[in-house]
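The values are calculated or read from the model by the stated rules, or taken from the named source; none is laboratory data. Nothing here was measured: the structure is a model prediction, and the numbers come from that model. Counting neighbours? That spans all protein chains shown, and the Cβs are built from the backbone with ideal geometry, glycine included.
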Amino acid sequence: MMRFYPNIEKRVKYFSCIVFCLLLGFASINIQQANAQTHFTTVWQGENGQNHMNFVVVSANLENISLAVDDEIAVFSGSLCVGAKKLTQPINIAVNTTFLNIPASQNDGTNNGFTNNDTIIFKIWDNKNQKEIRANSVTFRNDVATWITTGKFISEATAVVEISSYSGFFSTVSAPNSSDHMNINLLGIGESGLVAGDELAAFDGDICVGTLKISEDVLSSGTASLIASSSSSDKMPDGFIDGNTIELKAWKHVTGDELIVEGEIVNGQMKYEKNATILVSLKSVSTTTKSIENLAEIDIFPNPSTGRFTVRMSQIPEANGSIEILDISGRKVASRMFSGLSEEFNLSNQPKGMYFIKSTFGSIVTTQKLIITK
């Protein structure tokens, strides 16, 4: 993929273009009303809100496919939608005129905007499939020193971001609308041994609370922000608990190995805390468990399927096994424990599209794709 800024000489030129686009966007806000978002509704009323933080989206993908016309991107502060825009053209990272400019408004005391230092959350509206999905990978560009890269709201500041959402090896159990998050900012990704297509995840014990897929741009910049979600209550295991230890894991897409990631704290402490930000420098990864393929082969047939399919294993491992069927947004649509060498499923009542078969045996997890056609 082409770098956002190919050399230093062009930075000022590109940045001037971005500022011009932002100013033009504010000046023509009334003209753009015909293209206003239709799914997300901002909490502020009026023409522009106040004390904006400006977001320039230079790349936006859903399952590695660029967002399309009529898809929407929204910026949230907790449960408050503080800025949103509908795409009138696909975003091309190499063409600055396609970038999407989203102004987010600050709270004026009536709960109508963001509060400084709150965690920035992005959500995507997939218009074709009529689904709202939280972006689980956000890269804050640092090509210009004044751009904000902390993942926190700051009034009258600018952040340039690449966002994406995907269903990968790691699946979070975090509440999708959880208002309390934590930013785990990562350094040294390129030196950690990870490559594009690998994944990073934050765990609280056995619970995955945040994920990040490694891209070429993440490797080039060496930095990324992993957003972890907190538990909605002490009795609900759907996120992290304040004070618990942060554990980072990785998945190598070539070997299928799940790894533990060693990191050195640069700022903060390796403990979960709502609405906090820490800076971690990655040191190395080391294998913690062998791939499930070493224990048994798992087949899914037929695949593609009209909704009826079988998950079959060549042998039953010693550990108890379970199967989860997830849709493209990560929502669980079916699950059960392995009771024999094969399990039959009927998802004929589900929409066509891509699904994921997640098989778990103790600490060993594998994920496979399933296509349902109608």
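A few remarks follow.
- Residues located in region 256-269, provided they are in a loop (DSSP other than H, G, I, E, B) and surrounded by 15 or more Cβ atoms within 10 Å (Cβ to Cβ): GLY256, ASP257, GLY268
Quick grid of which residues meet (1) in a strand (DSSP E or B); (2) within 14 Å of the chain's Cα centre (by Cα); (3) surrounded by 23 or more Cβ atoms within 10 Å (Cβ to Cβ); (4) at pLDDT 80 or above:
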position: PHE170; (1), (2), (3), (4): no, yes, yes, yes
position: MET182; (1), (2), (3), (4): yes, yes, yes, yes
position: GLU191; (1), (2), (3), (4): no, no, no, yes
position: ALA250; (1), (2), (3), (4): yes, no, yes, yes
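- Members of region 108-117 that are buried (at least 17 other Cβ atoms within 10 Å of the Cβ) and at pLDDT 90 or above: GLY113, PHE114
- Tabulated pairs, region 275-298, first hydroxyl-bearing (Ser, Thr, Tyr), second modelled with pLDDT under 70, C-beta under 6 angstrom, 6+ apart or interchain: THR289/SER363; THR289/ILE364
- Residue within region 141-154 that is at pLDDT 90 or above, among the aromatic types (Phe, Trp, Tyr) and not in a strand (DSSP E or B) present: yes
- Scanning region 270-280 for residues that are modelled with pLDDT of 90 or more and surrounded by fewer than 17 Cβ atoms within 10 Å (Cβ to Cβ) returns MET270, LYS271.
- Per the listing ILE65, ILE73, the residue uniquely closer than 16 Å to ILE133 by Cα, modelled with pLDDT of 75 or more and exposed (fewer than 13 other Cβ atoms within 10 Å of the Cβ) is ILE65.
- The conditions of being at pLDDT 85 or above and either surrounded by 20 or more Cβ atoms within 10 Å (Cβ to Cβ) or touching a Cys at 6+ places or on another chain (Cβ under 9 Å) (or both) are not met by LEU187.
A quick yes/no check of all residues on (1) touching a strand residue (DSSP E or B) at 6+ places or on another chain (Cβ under 6 Å); (2) not aliphatic (A, V, I, L, M):
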residue	(1), (2)
LYS123	yes, yes
LYS131	no, yes
ASN136	yes, yes
ASN142	no, yes
VAL161	yes, no
GLY197	no, yes
LYS213	yes, yes
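- Residue in region 228-241 that is of a type in the set (Ser, Thr, Tyr) and touching a His at 6+ places or on another chain (Cβ under 8 Å) present: yes
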